[in-house]
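**Q** Take a look at this one; I'll ask things after.
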Amino acid sequence: MANASAPAICVRGLTKDYGRGRGVFDVSLEVSSGEVLGFLGPNGAGKTVTMRHFMGFIRAQGGTVEVLGHDCFRDRPLVQVHLGYLPGESSCMREMTARSFLNLMAGMRGLRDRSRMRELADVFELDLDARIGGMSKGNRQKVAIVTAFMARPDVLLLDEPTSGLDPLMQERFLDLVAEERARGAAVLLSSHIFEEIGRACDRVAFIRAGRVVMTCTMDEVRSMRGRGYTVEFANVRERSRWELAHGNEPAKGGARVVELRGVRDVNALIRELSSYDVAEVTSRAQTLEELFLHLYEGDEPSGRK
């Protein structure tokens, strides 16, 4: 019996080196029951490799990978009973109808009550009698979503879960994740859609080149986010003067606008702009994507490791 106070997902020092800098290196993560952890990074950063260790598909070279207190490779059958996995690439049997495939998956899990399966199919407007091979990418993704969620698992591993979904279905998916979190499921949501992570998650882990560079709460992420400013100068000469003062090439053509990202000291910006002839200044919050790009470029803000 797993310790109820222990994290539902626990990774310590996970390493899998494929050579030439590919793989994951000394990755540590925890996800508690009733928590959604966003796993954020560009393609190839190590998100899917980490996910596949949870499923027991890969043996770790170093470190430990546990779900509900069980080793994911050694105790794979026991672990998989408690997992709902939504892979980044759907591998549904294309010659089957959605209904046949989902019934097969339900049978393999010993799921006798199919009401949740039908309920989810209705929520995502999935035609259960359509052949999977003839479906769009979005509809195949719906089949994968129903497969992952229909058994109400204790742990959900979601790898790029909204790929191919239209905006309405993305909203329904985020509602579903919120329901599962409220039910007490532990959710690891891997994505490169930054605003999706911002809406769904309690905490976020940033991974870069196979290493987790920062883990923090969404409140901490919001506090780190600077603001972006669009500055329109009164004329090209003023913009060129700004560019030269910052070591850049003078403005070309009739461009009068500059974009400033990640501004933290607004007062300093206002003081600097006061010596220029400015027509307009507009601001917006820095996106999670912009924050991550600072991390990826090596400009790592202070945050909790």
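The values are calculated or read from the model by the stated rules, or taken from the named source; none is laboratory data. Computed from a predicted structure; not experimentally measured. A quick note on method: Cβ atoms are made from the backbone with ideal geometry, for glycine too, and the neighbour counts reach across all protein chains shown. The area values use the complete protein model at the heavy-atom level, side chains included, leaving out ligands, DNA and RNA. Shrake-Rupley method; radii C 1.70, N 1.55, O 1.52, S 1.80 Å.
**Q** With respect to residue 172, is the statement that it is charged (D, E, K, R) and either under 27 Å from residue 54 (Cα atoms) or in contact (Cβ under 8 Å) with a residue 60 or more places away in the chain (or both) true?
**A** On the way: charged (D, E, K, R): yes; either under 27 Å from residue 54 (Cα atoms) or in contact (Cβ under 8 Å) with a residue 60 or more places away in the chain (or both): yes.
So residue 172 passes the test.
**Q** Continuing with the same structure: Return the only residue of 274, 191, 223 being surrounded by 13 or more Cβ atoms within 10 Å (Cβ to Cβ) and among the small types (Gly, Ala, Ser). If you could, list the steps in order and put the result at the bottom.
**A** Numbers: 274 fails: surrounded by 13 or more Cβ atoms within 10 Å (Cβ to Cβ); 223 fails: surrounded by 13 or more Cβ atoms within 10 Å (Cβ to Cβ).
So the residue among 274, 191, 223 that is surrounded by 13 or more Cβ atoms within 10 Å (Cβ to Cβ) and among the small types (Gly, Ala, Ser) is 191.
**Q** Would you check which residues across segment 230-259 are touching a strand residue (DSSP E or B) at 6+ places or on another chain (Cβ under 7 Å), of a type in the set (Asp, Glu) and open to solvent by less than 60 Å² (accessible area, probe 1.4 Å) and list them?
**A** First, pick out the residues of segment 230-259 that are touching a strand residue (DSSP E or B) at 6+ places or on another chain (Cβ under 7 Å): 230-234, 239, 242, 256-259.
Next cut, of a type in the set (Asp, Glu) only: 232, 259.
The answer is 232, and nothing else.
**Q** Is it true that residue 221 is among the hydrophobic types (A, V, I, L, M, F, W, C), under 21 Å from residue 51 (Cβ atoms) and within 19 Å of the chain's Cα centre (by Cα)? Let's see the steps before the verdict.
**A** Values: among the hydrophobic types (A, V, I, L, M, F, W, C): yes; under 21 Å from residue 51 (Cβ atoms): no; within 19 Å of the chain's Cα centre (by Cα): yes.
Against the criterion (among the hydrophobic types (A, V, I, L, M, F, W, C), under 21 Å from residue 51 (Cβ atoms) and within 19 Å of the chain's Cα centre (by Cα)), residue 221 does not qualify.
**Q** With small (Gly, Ala, Ser), under 22 Å from residue 86 (Cβ atoms) and buried (at least 18 other Cβ atoms within 10 Å of the Cβ) as the only criterion, which of 46, 34 stands out? So that I can check it myself, show each step before the final result.
**A** Details: 34 fails: buried (at least 18 other Cβ atoms within 10 Å of the Cβ).
Being small (Gly, Ala, Ser), under 22 Å from residue 86 (Cβ atoms) and buried (at least 18 other Cβ atoms within 10 Å of the Cβ) holds for just one of 46, 34, which is 46.
**Q** Go through segment 49-70 and report how many residues are open to solvent by less than 40 Å² (accessible area, probe 1.4 Å) and more than 19 Å from the chain's Cα centre (by Cα). Lay out the reasoning, then the answer.
**A** Here is the first cut: in segment 49-70, the residues open to solvent by less than 40 Å² (accessible area, probe 1.4 Å) are 49-51, 53-56, 58, 60, 62, 65, 67-68.
Narrowing the set further to residues that are more than 19 Å from the chain's Cα centre (by Cα) leaves 56, 58, 60, 62, 65, 67-68.
Result for segment 49-70: 7.
**Q** I'm told residue 223 meets every condition in (1) out of contact with any Phe, Trp or Tyr (no Cβ under 7 Å at 6 or more places or on another chain); (2) touching a residue at least 12 places away in the same chain (Cβ under 8 Å); (3) not in a strand (DSSP E or B) except one. Can you identify the failing condition by its number?
**A** So the condition that residue 223 fails would be (2).
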